[in-house]
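The values are calculated or read from the model by the stated rules, or taken from the named source; none is laboratory data. The shown structure was predicted, so the numbers you read here are calculated from the model rather than taken from an experiment. Positions of Cβ are generated from backbone atoms using ideal geometry, with glycine treated the same way; all protein chains shown enter the neighbour counts. Accessible surface areas use protein heavy atoms only, side chains included; no ligands, DNA or RNA. Shrake-Rupley method; radii C 1.70, N 1.55, O 1.52, S 1.80 Å.
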Amino acid sequence: MNQTPKLNSFRSGPDEDGRFGIFGGRFVAETLMPLILDLQDEWNKAKTDPAFQAELADLGTHYIGRPSPLYFAERLTAELGGAKIYFKREELNHTGSHKINNCIGQILLAKRMGKTRIIAETGAGQHGVASATVAARFGLPCVVYMGATDVERQAPNVFRMKLLGAEVKPVTAGSGTLKDAMNEALRDWVTNVDSTYYLIGTAAGPHPYPELVREFQSVIGKEAREQILEAEGRLPDLVVAAVGGGSNAIGIFHPFLDDETVKMVGVEAGGKGLDGDEHCASITAGSPGVLHGNRTYLLQDRDGQIKEGHSISAGLDYPGIGPEHSWLSDVGRVEYVPIMDHEALEAFRMLTRLEGIIPALEPSHAIAEVIKRAPKMGKDEIILMNLSGRGDKDIFTVGNILGMGL
Amino acid sequence: MDKRFADLAAEGRPALVTYFMGGDPDFETSLAIMKSLPSAGSDVIELGMPFSDPMADGPAIQLAGQRALKAGQTLEKTLELARRFRADDKDTPIVLMGYYNPIYVYGVDRFIENALEAGIDGLIVVDLPPEMDDELCLPALAKGLNFIRLATPTTDDKRLPKVLENTSGFVYYVSMNGITGSALPDPSLVGGAVQRIKAHTRLPVCVGFGVKTPEHARAIGASADGVVVGTAIVNQVASSLNEEGHSTGATVPGVEALVRGLAAGVRGSRLAAAE
């Protein structure tokens, strides 16, 4: 027990108890424990089943639109005057973000397990939309828990979910944001154990969720690795991704973790600054704790009570982070840095004008970090960034901040 | 705790186990509530440790936790509650119930030491299944603190031995799949479940989740070694508060009256079984 992954690789975790070093694990109520063990069994069978992998790949190609392109951002590169910048275009996926990769994988698992009802939590609504989409595609009823505060500020996604046939349940308990939606989804699951599959949206939660979500998202990094080798004949010098729970980041990082020459940066939501409480920088400004089934870095007070985060981007507005990121930070393989709301907003505008791509506010944080680093790097160096989602959902938020009422 | 259950078995009746939230609506009132419980007929006290994200609890207990936290309750103060109670009552077993994170952040070794000093007899930590026994269960057992495990309808016969392996004090049978405060399940099904668990252990089996009235307590107590009441007590506290959420003259007497009724129900339960 508690063995750390093999020291000669950063890619062999988690161990059989679901640990990445001290992080991860299975901190759930007894009612859920048998379900989590069932899921683990089914996942272990599925991941080596050629029929499962073939169905996943087929849906990836024909339903999601994979592989997503690797795009050389020529004008942004010229503007910044340093490293060559490539984007992995996950925002071009069906439903507009990387979230669908995970949802397709998990709904295939749900079908294998004979589950007849899907539940999910959502913050910005991207995972909710992706869950409602795959539930419609596979003909299963779907309930999405969403903080009442988020229901208000993400009205277009709420409407999309309803169009897709999902029931959106606003959560007023606690503070009415993503963590409360996750609490409520867990309460539903504990009540409807026989019929229901809980489709978690990020690489967090009890084992095996962090592992299976990572595996479904790793398609991003596997494709990008081949694509950059084809385009440049070598690996990138730096890989950058935004981190909320961290599924898009682990998806692009994981296939590169054992490439020693590739540096990696995960960008957390610095909100209005790390001095107060209005940020979501769990690693940079949090401490280890146990929430939602895993041990990881959390925003919490001295008594172990979980704090509310803040970010301009609802998708990063979560007081925790996937356990594998906590481990990658502690062992020094990946660097985690904060980007403030205003920096993300500036990056959002810059990319829109220079490349004709409206990014979501989540990857805008990664763009802001690229804007900081590219000028300090040589013109022969390469940055690969995960452009994880498109910004259509955010135009109202941005419009309000810029005083351009819609 | 073992003595308390043995005495009750000799008396021929099940235990009344009462849960309340430490620090709800404030420290002093919850201390008064705690002190009132034994004379009202409670045999074992479950002292709730508030947590910001109680994933296995319904709205009533979540709101109680929020009231307590807002009034400044911390894990340190919850231990202080127990210490102050213990000064006057050496016998009534106290079980701390809550979630792991506040304990983890407090420090496991320091927590066990301070809990023992405060007169705590056992722990129920909802989000620590047997797979996580290294975290707190084994260190607590090694120092003589009971670790009470929850068994649920999803805990099948294959899994029960694993759940019972490091359990002591009593087994808390959660009568249904769901959160605290849900509707009462069919008492006859509960009776079967209690027998199923008893086939695997000699520990007392207490049943909770959904017990709200003396009639419920009586029905459940017919088959179980103990009846746990939580949400009903927490709701009683909530309904007694004034508009600002502060305690009133009705808060402590209201809880006392409720517990007295439940105690009568429990005391009548073996008669009910014999009828």
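Structure above, values below:
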| quantity | calculated |
| --- | --- |
| Heavy-atom accessible area ranking, 1.4 Å probe, most first, across A:Leu351, B:Leu150, B:Leu141 | B:Leu141, B:Leu150, A:Leu351 |
| Buried area at the B-A interface (accessible, heavy atoms, 1.4 Å probe, summed, Å²) | 3000 Å² |
| Span from the the range B:178-201 Cα centroid across to the the range A:334-402 one, whole angstrom | 54 Å |
| Cubic angstrom per residue, convex hull over Cα atoms of the range B:40-173 | 123 Å³ |
| Listing of the range A:19-38 residues, each with accessible area lower by at least 50 Å² in the full protein assembly than in the chain alone (probe 1.4 Å) | A:Arg26, A:Phe27, A:Glu30, A:Thr31 |
| Ratio Rg/Rh [Cα only; Rh per Kirkwood] for chain A | 0.94 |
| Percent carbon-and-sulfur accessible area, the range A:43-129, ignoring ligands, DNA and RNA, probe 1.4 Å | 53 percent |
| Mean accessible surface per residue for the range B:187-267, computed with a 1.4 Å probe while every protein chain stays in place, in Å² | 41 Å² |
| Positive-pole candidate from A:Phe72, A:His310, A:Gly403, dipole of chain A, charges at beta carbon | A:Phe72 |
| MRE, 222 nm, helices only [DSSP H, n ≥ 4, -39500 (n - 2.57), over chain A, to nearest 500] | -12000 deg cm²/dmol |
| Residues losing 50 Å² or more accessible surface upon assembly, the range B:29-56, compared with the chain by itself, 1.4 Å | B:Asp53, B:Met55 |
| Separation in nanometres of the label points that stand 7 Å from Cα toward Cβ, at A:Ala54 and B:Asp186 | 4.6 nm |
| Surface accessible to a 1.4 Å probe, per residue, for the residues of the range B:105-181, Å² | 32 Å² |
| Top of A:Ala73, A:Ala155, A:Ala51 by mean-square fluctuation, Gaussian network on chain A, Cα under 10 Å | A:Ala51 |
| 12 Å beta-carbon shell around B:Ile112, net charge (K/R +1, D/E -1) | -2 |
| Carbon and sulfur %, accessible surface of the range A:151-241 computed with the full protein complex present, 1.4 Å | 51 percent |
| Pairwise label distance in nanometres, B:Arg202 with A:Glu278, each label 7 Å out on the Cα-Cβ vector | 6.3 nm |
| Heavy atoms of A:Asp303 accessible to a 1.4 Å probe, total area in Å² rounded to 10 | 20 Å² |
| Accessible-area value, B:Asp88, 1.4 Å probe, nucleic acids and ligands omitted, Å² | 110 Å² |
| Solvent accessible area, Å² - B:Leu116, 1.4 Å probe, full protein context | 60 Å² |
| Mean-position separation - Cα centroids, the range B:88-108 and the range A:1-77, in angstrom | 36 Å |
| Accessible area of the range A:296-377 belonging to carbon and sulfur atoms, whole % at 1.4 Å probe | 50 percent |
| Candidate aspartates and glutamates for bridging to A:Lys84, where Cα separation is under 16 Å - those fewer than 8 sequence places away on the same chain excluded | A:Glu74, A:Glu230, A:Glu232, A:Asp237, A:Glu355, A:Glu369, A:Asp380, A:Glu381 |
| Where GluC sites (Glu not before Pro) fall in DSSP loop in the range A:185-260, at most 15 other Cβ within 10 Å | A:Glu260 |
| Heavy-atom accessible area ranking, 1.4 Å probe, most first, across A:Arg187, A:Arg302, A:Arg225 | A:Arg302, A:Arg225, A:Arg187 |
| Share of alpha-carbon pairs per 5 Å distance bin for the range A:1-130, given as whole % | 2, 8, 12, 13, 17, 17, 14, 8, 4, 3, 1, 0 |
| Descending principal axes extents, the protein assembly as shown, alpha-carbon based, whole Å | 85, 52, 48 |
| Mean accessible surface per residue for the range A:16-120, computed with a 1.4 Å probe while every protein chain stays in place, in Å² | 36 Å² |
